1. Which of the following residues is of a type in the set (Gly, Ala, Ser), within 11 Å of chain B (Cβ to nearest Cβ) and surrounded by 15 or more Cβ atoms within 10 Å (Cβ to Cβ): A:18, A:75, A:11?
2. Which of the numbered conditions does residue B:68 fail, given that it passes all the others? Conditions: (1) part of a helix (DSSP H, G or I); (2) exposed (fewer than 14 other Cβ atoms within 10 Å of the Cβ); (3) within 14 Å of another protein chain (Cβ to nearest Cβ).
3. When both residues are 6+ apart or on different chains and their Cβ atoms are under 7 Å apart, which pairs have a first residue that lies in segment A:39-59 and is away from chain B (no Cβ under 12 Å), and a second that is acidic (Asp, Glu)?
4. Mind counting the residues in segment B:283-295 that are modelled with pLDDT under 75 and in a helix (DSSP H, G or I)?
5. So residue B:140 fits all but one of (1) over 30 Å from residue B:68 (Cα atoms); (2) of a type outside the set (Asp, Glu); (3) part of a helix (DSSP H, G or I); what number is the exception?
6. Given the structure, is residue A:66 more than 13 Å from chain B (Cβ to nearest Cβ) and modelled with pLDDT under 95?
7. May I ask you to verify whether residue B:229 is buried (at least 19 other Cβ atoms within 10 Å of the Cβ) and either over 22 Å from residue B:110 (Cα atoms) or in contact with a helix residue (DSSP H, G or I) (Cβ under 7 Å, 6 or more places away or on another chain) (or both)?
8. With respect to the numbered conditions (1) in contact with an Asp or Glu (Cβ under 8 Å, 6 or more places away or on another chain); (2) in a loop (DSSP other than H, G, I, E, B); (3) of a type outside the set (A, V, I, L, M, F, W, C), which one is the sole condition not fulfilled by residue B:160?
Amino acid sequence: MTWMVWTTPTAIFFSSIAAMLAGMTLWEILSPTIERKGFLPISTTRGDRLFISLLSAAFIHLGVIGFTTLSIWIALALSAVWLLVLMRWG
Amino acid sequence: MNNKVLNNRAWLLVLPMLVLVAFSAIIPLMTVVNYSVQDVLGPNARFFTGTEWFHSILNDASLRNAFVRQILFSLTILAIQVPLGIGIALIMPKRGWQASAVLILITLPLLIPWNVVGSIWQIFTRGDIGLMGWGLRELGINYNITRNAGDAWATIILMDVWHWTPLVAMLCYSGLRSIPEAYYQAARIDRASKWAIFRYIQLPKLTNVLVIAVLLRFMHSFMIYAEPFVLTGGGPGSSTTFLSQSLATMAIGQQDLGPSAAFSIIYFLVILLVSWVFYTTIMHMQKDKNPHGGA
């Protein structure tokens, strides 16, 4: 594993992604998702909304890192709020 | 309610593929993410740099220019190859030995390795020995791909159109062949014009293959490397240096593993976003057209 040059932040990052995927699987088993239409222009399933929020979170982080002097934690907080909004009303 | 039993155990059959993809894509990608937040100098000398590489990559003027060039290139070749491919597919013979002969002829460029395509065009466009370069010069046109950025661009686009339009044409041809004859009979009864047949029968039936064609061509062209590298080497100056060549220079030429890892991730995210938007939009358009599913 040393060749993968792990760091604590990236390990936490990948563990949370893995935990999200496992959680989504469990949620799907307990109550299968129903495709529906929210404020997004397309009808989505739960997994679609998670994918959209993770992808937009990546771009929120890039925007904050590249073009502002704000802390990365603000980007993380924004992404978390966006994820919740999207999962509930998207 | 339907009585279909949903059996998710079928997903277990995907496991072997998942293991393969983990080794060939997921683990390497995770390693790239790890590299992107560090300055790795050797097996035992590495420093955590956080978001520094991302900041410098996003604010690098030459990379931004390469990005703009890349977008321009992909849009240009899509705008040429998709209509041209449809046009070629429409005039291709439909049956008999002519159909096979034409198919083989137009497929030939696809069989040539990318480096060789670059070499072919490099020689073809030389002013002293190349047919095209020499011919244009004899006609009094000041054509020189190593000196004029415009000539270099035109040649790269021409080369890509020559190399990849056959793919679009073949996909469209297979799409056109799968339209049942009954549609054309109905159109003849209505005395539909050629344009109306194209607009209301052929084009809608081509949507599926066009999605694949646009996606494939976009991804290919967005990652183009070997052909312009051999043809122009990214020059004159940096006028034809595209993203993957900038990445290769950074990662292999300068051994800047941290910055190039950050660059790779940004590059990957852009491709992921564009492909997803393309795919979703077109799939969504289809769902609107026939809400009960089916093609």
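1. On the way: A:18 fails: surrounded by 15 or more Cβ atoms within 10 Å (Cβ to Cβ); A:11 fails: surrounded by 15 or more Cβ atoms within 10 Å (Cβ to Cβ).
Going through A:18, A:75, A:11 in turn, the sole match is A:75.
2. For residue B:68, the failing item is (3).
3. A:45/A:35
4. Restricting attention to segment B:283-295, the residues satisfying the condition of being modelled with pLDDT under 75 are B:285-295.
Subset that is in a helix (DSSP H, G or I): B:285-289.
Counting residues in segment B:283-295 that are modelled with pLDDT under 75 and in a helix (DSSP H, G or I) gives 5.
5. Here residue B:140 meets the rest and fails (3).
6. no
7. Working: buried (at least 19 other Cβ atoms within 10 Å of the Cβ): yes; either over 22 Å from residue B:110 (Cα atoms) or in contact with a helix residue (DSSP H, G or I) (Cβ under 7 Å, 6 or more places away or on another chain) (or both): yes.
When the stated conditions are applied, residue B:229 passes them.
8. Exception for residue B:160: condition (2).
The values are calculated or read from the model by the stated rules, or taken from the named source; none is laboratory data. These figures come from a predicted structure and were not determined experimentally. Note that we place each Cβ from the backbone using ideal geometry, even for glycine, and neighbour counts take in every protein chain shown.
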